[in-house]
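Before any comments, here is the structure.
The values are calculated or read from the model by the stated rules, or taken from the named source; none is laboratory data. Bear in mind that the values here come from a model prediction, so they are computed numbers and not experimental data. We place every Cβ from the backbone using ideal geometry, glycine too, and count neighbours over all the protein chains shown.
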Amino acid sequence: MSLSESHYAVIVVGGRPSGATLATRLAQGGLRVLLLDRATFPSLPAVSSPIIYACTMALLDEIGAPEAEYAHNTPKIRKLVSESRDYYRAIATIPEDRGRAYAYAIDRARFDHALWRHAANTHGVTALEGFGVTDLLWEGDRVIGVEGMRHGSRKAERFYADLIVGADGRWSLVARKVDAPLYNVDDSPTTSLYYAYWRNLQPYDLDEPLMVAHSTLDGLGYLIMDSADGTAAVVCEGHAETIERFSQGAGAPEALYEALLQNAPRVWARLQGAERVTSVRGLKHVPNYYRQPYGKGWALVGDAVHHKDPLGGQGVYDAVFSAKALAEQYLAHKRGQLDYESAMQGYKARLEEETLPVYYNTLAARANLAPSDPFQRLLGRYLVESPEVIEALARVPARMGDITQVMTTRHIVLSIAKGAARDVRRALTGELSPSAVPPLPIERAQGVQETNSYQQRLGCLGWLLALPAIMMFGGLAALRRK
Ligand SMILES: Cc1cc2nc3c(=O)[nH]c(=O)nc-3n(C[C@H](O)[C@H](O)[C@H](O)COP(=O)(O)OP(=O)(O)OC[C@H]3O[C@@H](n4cnc5c(N)ncnc54)[C@H](O)[C@@H]3O)c2cc1C
């Protein structure tokens, strides 16, 4: 191959959500793009579980990526359930966003393959899979190309471009080679997580595809997401030191994962008779950072430029958004509308504007994984018994609202007042709580009755006992004022 043939406008290293969509956008904008990935597709990405919301699909619509392919045989999830032990649960309906009122727990191998194929079929993209980039090529302090090898070959090949983009994930080779500085690094205690896919789970009491989040209130959170081809992803996440406590004496990730699952009786109950269909995968000490997103002749997108705890399931959206922002800014530069520095400064500003609030909310949300005290549980129950709070909370992962809109002093005070009043009424009438956690069908078959949980009943009883004391102190205070 001659030098002229191997010169492109842009080389994109990494061909999953950020890289494939970036290559597609740049080529749709008229540039000649080389898309490289050391993987051959279909294949699983680095560790990742699978939830995507309508906001991500809307970005994929913009480049014509076919939903029928990336979400083939994948159920539409319309409800999110959040259980806190058997203490309370909330059921949220996913709000409609540009015609979609659902999320998917996609099969990442299928999803990534569909995006790769879409890019490869776009006029202007040359897609080379099984090609691992091993080094960058420099002219002075400017990156001008990449060197690497095809799978199974020992012959190094070189390709040149005006811009080299690292879309090569959280351990980005491009970022390391250009020594991109890290910033906004969070160094508070990190989380770890483990997951696998299962088949034939015991049904949940709501008979439809779901994402069920389950907190054991002892520092661990679980997710069961109905995914492609009748499988379900079962994830456990917690602060790294909490997870490590379960690993004592259990060397293999399988044993640790099983110990974690057994810690959540309702999760474990759903796995009775189920078959694990993948190996257990995991990530210890999930990193949280931003990297300087551009320099002379290079830029970074996706996890290479920004990585955060996957708690909120926002990684793919952020990856695809960063690709859009970089493509639009760089195309503006190529059309002569912006000089390189202004275009790239614009990219950095757009990236941060879109992702920083979610980043800080995600870091704050990790606190929910910490063990909670009885007062926090009571407050949590009162909040989830409020339909406005649930509706507002459901908008957060869909990027249609912010958690700060939910956690206002007004909302909290009102929720406590209404919740306390409801508890007292319930204690007097014995009526069932709207947030009570009903037994799973398998538990029902074993004779477990539907009832307010032990802790909810304690809450009601507490208020009933407190009521005379409150009235007495109120009366005394009124007498004193007179
Ligand atoms: C445990 C976990 C759970 C997650 N769950 C979710 C979720 O539910 N929803 C969500 O939206 N996000 C989730 N994420 C985040 C999401 O997986 C990532 O944000 C997303 O995959 C980033 O896409 P990317 O294209 O930037 O990088 P990646 O998907 O990491 O792709 C990088 C590509 O670069 C290639 N590459 C790397 N180095 C080279 C090289 N030297 N030469 C050639 N190719 C190379 C790799 O082969 C790979 O194909 C999760 C992440 C983790 C860790």
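The single residue among 176, 110 that is within 14 Å of the ligand (Cβ to nearest atom) and without any contact (Cβ under 8 Å) to a residue 40 or more places away in the chain turns out to be 176. Is at least one residue of region 218-228 over 26 Å from residue 253 (Cβ atoms), out of contact with any helix residue (DSSP H, G or I) (no Cβ under 6 Å at 6 or more places or on another chain) and at pLDDT 95 or above? No, that holds for no residue.
Among the listed residues 240, 255, 269, which satisfies the condition of being surrounded by fewer than 21 Cβ atoms within 10 Å (Cβ to Cβ), without any contact (Cβ under 8 Å) to a residue 24 or more places away in the chain and either small (Gly, Ala, Ser) or over 23 Å from residue 313 (Cβ atoms) (or both)? Explain how you work it out, then say what you get.
Details: 240 fails: without any contact (Cβ under 8 Å) to a residue 24 or more places away in the chain; 269 fails: without any contact (Cβ under 8 Å) to a residue 24 or more places away in the chain.
It is 255.
Pairs are defined by a Cβ separation below 6 Å, a sequence spacing of at least 6 or placement on different chains, a first member in region 54-70 that is more than 19 Å from residue 322 (Cβ to Cβ), and a second member that is in a helix (DSSP H, G or I) and modelled with pLDDT of 95 or more; the pairs so defined are 69/114.
Every test in (1) of a type in the set (S, T, N, Q); (2) over 23 Å from the mean Cα position of the chain (by Cα); (3) not assigned by TED's automatic domain parsing to the domain that holds residue 435 is passed by residue 368 save one, and that test is (2). Residue-level analysis places residue 97 among those that are touching a Cys at 6+ places or on another chain (Cβ under 7 Å) and among the charged types (D, E, K, R). Here region 299-314 is the region considered, the condition is being surrounded by 24 or more Cβ atoms within 10 Å (Cβ to Cβ) and modelled with pLDDT of 95 or more, and the residue that is nearest to the ligand (Cβ to nearest atom) is 302. Of the candidates 68, 92, the single residue that is small (Gly, Ala, Ser), away from the ligand (no atom under 14 Å from the Cβ) and in contact with a strand residue (DSSP E or B) (Cβ under 7 Å, 6 or more places away or on another chain) is 92.
The single condition among (1) over 22 Å from the mean Cα position of the chain (by Cα); (2) under 30 Å from residue 376 (Cβ atoms); (3) within 15 Å of the ligand (Cβ to nearest atom) that residue 40 does not satisfy is (2). Only a single criterion out of (1) at pLDDT 95 or above; (2) farther than 30 Å from residue 333 by Cα; (3) among the hydroxyl-bearing types (Ser, Thr, Tyr); (4) surrounded by 21 or more Cβ atoms within 10 Å (Cβ to Cβ) is not satisfied by residue 40, namely (4).
When you check residue 274 against the structure, is it in contact with a strand residue (DSSP E or B) (Cβ under 9 Å, 6 or more places away or on another chain) and either in contact (Cβ under 8 Å) with a residue 24 or more places away in the chain or not small (Gly, Ala, Ser) (or both), yes or no? Lay out the reasoning, then the answer.
Working: in contact with a strand residue (DSSP E or B) (Cβ under 9 Å, 6 or more places away or on another chain): yes; either in contact (Cβ under 8 Å) with a residue 24 or more places away in the chain or not small (Gly, Ala, Ser) (or both): yes.
Answer is yes for this residue.
Taking every residue in region 303-317 that is within 13 Å of residue 105 (Cα to Cα) and touching a residue at least 24 places away in the same chain (Cβ under 8 Å) and pairing it with any residue that is surrounded by fewer than 22 Cβ atoms within 10 Å (Cβ to Cβ) and of a type in the set (A, V, I, L, M), at least 6 positions away or on another chain, the pairs with Cβ-Cβ distances below 6 Å are 314/358. Taking the criterion of being surrounded by fewer than 16 Cβ atoms within 10 Å (Cβ to Cβ), within 16 Å of the ligand (Cβ to nearest atom) and of a type in the set (D, E, K, R), the only residue of region 113-142 that qualifies is 135. Every test in (1) closer than 20 Å to residue 235 by Cα; (2) within 10 Å of the ligand (Cβ to nearest atom); (3) among the charged types (D, E, K, R) is passed by residue 168 save one, and that test is (1).
Considering only residues that are in contact with a Ser or Thr (Cβ under 9 Å, 6 or more places away or on another chain) and of a type outside the set (Gly, Ala, Ser), which ones fall in region 78-97? The answer is 78, 79, 80, 83, 85, 86, 87, 88, 89, 91.
Across region 163-181, the qualifying residues are those that are more than 29 Å from residue 109 (Cα to Cα) and surrounded by fewer than 20 Cβ atoms within 10 Å (Cβ to Cβ), and the one among them that is farthest from the chain's Cα centre (by Cα) is 179.
The C-beta contact set for region 122-135 (first residue touching a residue at least 40 places away in the same chain (Cβ under 8 Å) and of a type in the set (Phe, Trp, Tyr), second residue part of a strand (DSSP E or B) and within 14 Å of the ligand (Cβ to nearest atom), distance under 6 angstrom, 6+ apart or interchain) comprises 131/36; 131/148; 131/150. Of all the listed residues (201, 193, 210), the sole one being at pLDDT 95 or above, surrounded by 14 or more Cβ atoms within 10 Å (Cβ to Cβ) and under 16 Å from the mean Cα position of the chain (by Cα) is 210.
Quick one: is residue 45 closer than 19 Å to residue 104 by Cβ, near the ligand (Cβ under 9 Å from one of its atoms) and surrounded by fewer than 21 Cβ atoms within 10 Å (Cβ to Cβ)? Lay out the reasoning, then the answer.
On the way: closer than 19 Å to residue 104 by Cβ: yes; near the ligand (Cβ under 9 Å from one of its atoms): yes; surrounded by fewer than 21 Cβ atoms within 10 Å (Cβ to Cβ): yes.
The answer is yes for residue 45.
Per the listing 60, 22, 26, the residue uniquely part of a helix (DSSP H, G or I), within 30 Å of residue 99 (Cβ to Cβ), among the aliphatic types (A, V, I, L, M) and within 11 Å of the ligand (Cβ to nearest atom) is 22. For region 329-352, does any single residue satisfy the condition of being within 16 Å of the ligand (Cβ to nearest atom), crowded, with 19+ Cβ neighbours inside 10 Å and under 14 Å from the mean Cα position of the chain (by Cα)? Scanning region 329-352, I find no residue that is within 16 Å of the ligand (Cβ to nearest atom), crowded, with 19+ Cβ neighbours inside 10 Å and under 14 Å from the mean Cα position of the chain (by Cα), so the answer is no.
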